[in-house]
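Enquirer: Have a look at the structure that comes next, please.
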Amino acid sequence: MKIKTMGDLDKLREAGLKSLAPKQLKISISMSTCGHALGADILYHELVKEKAKQGLKISIGQTGCSGFCNLEPMAVLRLHGRPPLLYTQVTVKKVKRIIQDIKRKKITKQGLLCTIGSDSVSGEPDPALNNIPDYKEVSPFKDQHRRLLENCGIINPLSVSEYVAMEGYSALYKALYQMDPEVVVDEVIQSGLRGRGGAWFPTGIKWDMARKAQHKEKFVICNADEGDPGAFKDRTIMEGNPFKLFEGIVLAGYAIGSHQGLIYLREEYPHTYEFLNDAVYTAKRYGLLGKNILGSNFNFTLKIIRGGGSYVCGEETALMDSLEGEMGDPRLRPPFPIEKGLWERPTIVNNVETLANIPHIIEHGGESYAGIGTEKAKGTKILSVIGKIKQPGLYEVPLGTNLEHVIFNMAGGPLNGSQIKAVQVGSPFGNFLSGEKLDISLDPETLRSMGSMIGSGVIVVLNQDTCLVDILLHTLSFFVEESCGKCVPCREGVFQMKEIMTAIYEGRSTMEDLTSLHDIGGMIKDFALCALGGGAPSLILNGIRDFRKDFEAHITTGKCSWTS
Amino acid sequence: MEREKIKRIVSKHRHEKAAILAILHEIQEEDKQLETESLNYIAQLLKIPVANVYGLATFYSAFSLGKKGDTKIRVCSGISCHINGADEVNEALKSKFNLEMGETTWDEKFSLEKVHCLGLCSIGPNVAFNLVTYPKLNKERIETIIEILHKRTGDSK
């Protein structure tokens, strides 16, 4: 069915609400890439078998990942008249027990994390759920401000009606029928939204320039080449709520006058590729992509393109080379993509997270969006907190949230009560901050003033028994392997730095090698063509400055300071 | 790969030069490799220099000139997996299959390679066997998995 009018949208919303608050018991298993890795598909099929065997009057559905993969597979249980219940680390045995208990009019408490009291699906207060907290009160969801991830892990990611029930597509409808493209751009400028891929360029300004560029053909490129090791926020959005992303992309197209969108997806996400293609197919069927979107005169097509497994292709100009069937070499700018981008046409390249913000901005207005964040960085940011941490995962918080608060209060602090040695914000390029310097505001300006960056929001927590020489060497190896080879400072210089770091790690070096690292590093910083080459030396040189003891131990004894 | 098959794949993409990555992906998936002959023929069909096609096939890590295994083992070397003990998992894989990273077993059943991040950073160390990812690995767990795989596919040492 194609959605053509407000009435169609209303009907769909009703269907979605019914699906989210069904009359009979519904169990939804989270089936993203991480869920699959932890047995969600087996669980799903066992459940289907059990339903047939026992003739159960239940429906079985699916959700995406909520950002806490170690708690997968999760299951959302929907009982008539009650708020949905969220179970974690569900097994076949546990789910059978849950069904048994429901037959006896009991609610299984084991594995039950919280209720999901979201506005549009909440039920009545229930004495049986007295001691069960709402997800806003319970770790790891507590203190989050889930604007982008609000539906992830809750709705069926491939159900248009469920997304519509959660306010989905009302922003696009509003824009297509009530707003001129320049008004859409103005709202985005007002919102203060800046690029979440790591460059933090004002999105609205980019769009404004692209809108004013005179050309019949323009492109919207969604950068889904989530290459920073440790990042999985884009995957979570794409697999948890793809239509939110599509809505953002179509809005971008409408705003700048483009009718063609491309999602450049990293090769390492094969499940996501299949999944997004399914989502595109569904969106077309509902008239949310293709001709006359939502019954308007606006046409927009969207294609998913697989990358080839190259980190540098996450850089926008290299990405466009790759889309044109070339090797990914960063281009010199100007000309900028907004003038001459893909096939020399005006092009905007925006990250998945950036585009997922757009529906909220259009629905609630730029000013309202800008209500949270810092003076210069508005809205929320999804942080990927990983490493030696009790509760790793994705934490969506307002920009300007305190790093210490995120690590200790939200993510539970370091693993097994150990001490934090260092935290890297903005991995892989951000500096390693020592464990005593974590009382900082998470926003691009603060990090920049410290000589570092927030990047795409990867936060790596290291405890006492991690060695900075080892970690920095590992990161350097990544840079060497991912150097595109176009410029000499990066191709040869970073390689030489890695050779020296390897010698230090293996105890085959002298203190003079630290001076050589400085000399080579300084040269690379001055002459590398793009941020990949230029970023590598800073990381190492700052590491030597702040964790000199680790280096000295390796140079003098050939091993870490704490090993005997 | 037979010329007919290559021709079919290239025609499916309407001989568009921009679709070359997709073309290479499809050939790699089916043939487990990009043979020199295939690259030459693709260049001929798309009317572009062989050097360009060869350049792409060697620039992008998804492609391989040598044969990959029926089961492509991809080891995550992301920072989270590294911190949580990916090295011992890698060593176990290398010694059990007697392979270095980038190599394939003699019977072409398994190949081993490193990827920079599988995006499953809360549940590492991770290793993907084709489309199936095994999370939370350590030396013992990966050895058990390999044993089961060997039994299922016949010996491949």
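The values are calculated or read from the model by the stated rules, or taken from the named source; none is laboratory data. Nothing here was measured: the structure is a model prediction, and the numbers come from that model. Neighbour counts run over all protein chains shown; Cβ positions are idealised from the backbone, glycine included. With ligands, DNA and RNA removed, areas are computed over all heavy atoms of the protein, side chains included. Shrake-Rupley method; radii C 1.70, N 1.55, O 1.52, S 1.80 Å.
Enquirer: Of the numbered conditions (1) free of Cβ contacts under 8 Å to residues at least 60 places away in the same chain; (2) touching a strand residue (DSSP E or B) at 6+ places or on another chain (Cβ under 7 Å); (3) not acidic (Asp, Glu), residue A:307 satisfies every one except a single condition; which is it?
Expert: (1)
Enquirer: Can I ask one more? Scan region A:539-560 for residues that are in a helix (DSSP H, G or I) and of a type in the set (Lys, Arg) and jot them down.
Expert: Scanning region A:539-560 gives A:545, A:548, A:549.
Enquirer: Looking only at region A:183-211, which residues are open to solvent by less than 10 Å² (accessible area, probe 1.4 Å) and in contact with a strand residue (DSSP E or B) (Cβ under 7 Å, 6 or more places away or on another chain)?
Expert: Once the filter is applied, which keeps residues that are open to solvent by less than 10 Å² (accessible area, probe 1.4 Å) and in contact with a strand residue (DSSP E or B) (Cβ under 7 Å, 6 or more places away or on another chain), region A:183-211 yields A:191, A:193, A:196, A:203, A:207, A:210.
Enquirer: Of the residues A:240, A:307, which is touching a Pro at 6+ places or on another chain (Cβ under 7 Å), surrounded by 22 or more Cβ atoms within 10 Å (Cβ to Cβ) and not aromatic (Phe, Trp, Tyr)?
Expert: A:240
Enquirer: While we're looking at this one, here's another question. Just give me the residues in region A:267-279 being in contact (Cβ under 8 Å) with a residue 24 or more places away in the chain and open to solvent by 10 Å² or more (accessible area, probe 1.4 Å), in sequence order.
Expert: Across region A:267-279, the qualifying residues are A:267, A:268, A:271, A:273, A:275, A:277, A:278.
Enquirer: Same structure, new question: Yes or no: region A:412-430 includes at least one residue that is surrounded by 24 or more Cβ atoms within 10 Å (Cβ to Cβ), hydroxyl-bearing (Ser, Thr, Tyr), in a strand (DSSP E or B) and within 14 Å of chain B (Cβ to nearest Cβ).
Expert: Looking for residues that are surrounded by 24 or more Cβ atoms within 10 Å (Cβ to Cβ), hydroxyl-bearing (Ser, Thr, Tyr), in a strand (DSSP E or B) and within 14 Å of chain B (Cβ to nearest Cβ), one finds none in region A:412-430, hence no.
Enquirer: Can you pull out every residue in region A:504-538 that is surrounded by 15 or more Cβ atoms within 10 Å (Cβ to Cβ) and either outside any helix (DSSP H, G or I) or in contact with a Phe, Trp or Tyr (Cβ under 6 Å, 6 or more places away or on another chain) (or both)?
Expert: Across region A:504-538, the qualifying residues are A:509, A:528, A:529, A:530, A:535, A:536.
Enquirer: Assess whether residue B:39 counts as being crowded, with 20+ Cβ neighbours inside 10 Å, within 11 Å of chain A (Cβ to nearest Cβ) and in a helix (DSSP H, G or I).
Expert: Judged against the criteria, residue B:39 is not a match.
Enquirer: Still on this model: For region A:37-73, what are the residues that are within 14 Å of chain B (Cβ to nearest Cβ) and open to solvent by 60 Å² or more (accessible area, probe 1.4 Å)?
Expert: A:42
Enquirer: Do we find a residue being away from every other protein chain (no Cβ under 14 Å), on the phi > 0 side of the Ramachandran plot, modelled with pLDDT under 95 and open to solvent by 10 Å² or more (accessible area, probe 1.4 Å) anywhere in region A:92-103?
Expert: No; the residues of region A:92-103 include none that is away from every other protein chain (no Cβ under 14 Å), on the phi > 0 side of the Ramachandran plot, modelled with pLDDT under 95 and open to solvent by 10 Å² or more (accessible area, probe 1.4 Å).
Enquirer: Go through region A:222-322 and tell me which helices (runs of 4 or more DSSP H), entirely inside it, have 2 or more residues that are more than 9 Å from chain B (Cβ to nearest Cβ) and among the hydroxyl-bearing types (Ser, Thr, Tyr).
Expert: A:270-285
Here is a yes/no grid of residues against (1) touching a helix residue (DSSP H, G or I) at 6+ places or on another chain (Cβ under 9 Å); (2) under 12 Å from residue A:457 (Cβ atoms); (3) not in a loop (DSSP other than H, G, I, E, B):
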site	(1), (2), (3)
A:349	yes, no, yes
A:361	yes, no, yes
A:375	yes, no, no
A:395	yes, yes, yes
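Enquirer: Of the residues that make up region B:92-106, is at least one part of a strand (DSSP E or B), within 16 Å of the chain's Cα centre (by Cα) and crowded, with 20+ Cβ neighbours inside 10 Å?
Expert: Yes, there is a match, as at least one residue in region B:92-106 is part of a strand (DSSP E or B), within 16 Å of the chain's Cα centre (by Cα) and crowded, with 20+ Cβ neighbours inside 10 Å.
Enquirer: Could I ask something else about it? Working carefully through the options B:148, B:79, B:83, B:73, find the one that is touching a strand residue (DSSP E or B) at 6+ places or on another chain (Cβ under 9 Å) and more than 9 Å from chain A (Cβ to nearest Cβ).
Expert: Unique residue meeting the criteria: B:73.
To keep it simple, each residue is scored yes or no on (1) modelled with pLDDT of 95 or more; (2) part of a loop (DSSP other than H, G, I, E, B); (3) over 27 Å from residue A:399 (Cα atoms).
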{"position": "A:128", "(1), (2), (3)": "no, no, yes"}
{"position": "A:139", "(1), (2), (3)": "no, yes, no"}
{"position": "A:176", "(1), (2), (3)": "yes, no, yes"}
{"position": "A:207", "(1), (2), (3)": "yes, no, no"}
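Enquirer: If only one of A:493, A:485 is without any contact (Cβ under 8 Å) to a residue 60 or more places away in the chain and touching a Lys or Arg at 6+ places or on another chain (Cβ under 9 Å), which one is it?
Expert: Only one candidate passes the filter, namely A:485.
Enquirer: I need a count of the residues in region B:115-140 that are surrounded by fewer than 17 Cβ atoms within 10 Å (Cβ to Cβ), in contact with a helix residue (DSSP H, G or I) (Cβ under 8 Å, 6 or more places away or on another chain) and over 17 Å from residue A:271 (Cα atoms).
Expert: 2
Enquirer: For region A:154-171, enumerate the residues that are more than 22 Å from the chain's Cα centre (by Cα) and surrounded by 20 or more Cβ atoms within 10 Å (Cβ to Cβ).
Expert: A:161, A:165, listed by residue number.
Enquirer: Looking only at region A:16-36, count how many residues are farther than 16 Å from residue A:92 by Cα, away from every other protein chain (no Cβ under 14 Å) and in contact with a strand residue (DSSP E or B) (Cβ under 9 Å, 6 or more places away or on another chain).
Expert: Looking only at that region, the number is 6.
Enquirer: So which residues in region A:284-295 are open to solvent by less than 10 Å² (accessible area, probe 1.4 Å) and either touching a Gly at 6+ places or on another chain (Cβ under 8 Å) or polar (S, T, N, Q) (or both), if there are any at all?
Expert: A:287, A:293, A:294
Enquirer: Do we have residue A:438 as assigned to a loop (DSSP other than H, G, I, E, B) and over 30 Å from residue A:328 (Cβ atoms) here?
Expert: Here the answer is yes, as residue A:438 does meet what is asked.
Enquirer: Please go through (1) in contact with a Ser or Thr (Cβ under 8 Å, 6 or more places away or on another chain); (2) on the phi > 0 side of the Ramachandran plot; (3) away from chain B (no Cβ under 14 Å) for residue A:338 and return the number of the only condition it doesn't satisfy.
Expert: (2)
Enquirer: Need the failing condition index for residue A:472 against (1) within 13 Å of another protein chain (Cβ to nearest Cβ); (2) of a type in the set (A, V, I, L, M, F, W, C); (3) surrounded by fewer than 21 Cβ atoms within 10 Å (Cβ to Cβ), just the number.
Expert: (3)
Conditions (1) open to solvent by less than 10 Å² (accessible area, probe 1.4 Å); (2) at pLDDT 95 or above; (3) within 14 Å of chain B (Cβ to nearest Cβ), marked per residue:
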residue	(1), (2), (3)
A:409	no, yes, no
A:434	no, no, no
A:442	yes, yes, no
A:447	yes, yes, no
A:460	yes, yes, yes
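Enquirer: Among the residues of region A:475-488, count how many are more than 10 Å from every other protein chain (Cβ to nearest Cβ) and buried (at least 21 other Cβ atoms within 10 Å of the Cβ).
Expert: So the answer is 3.
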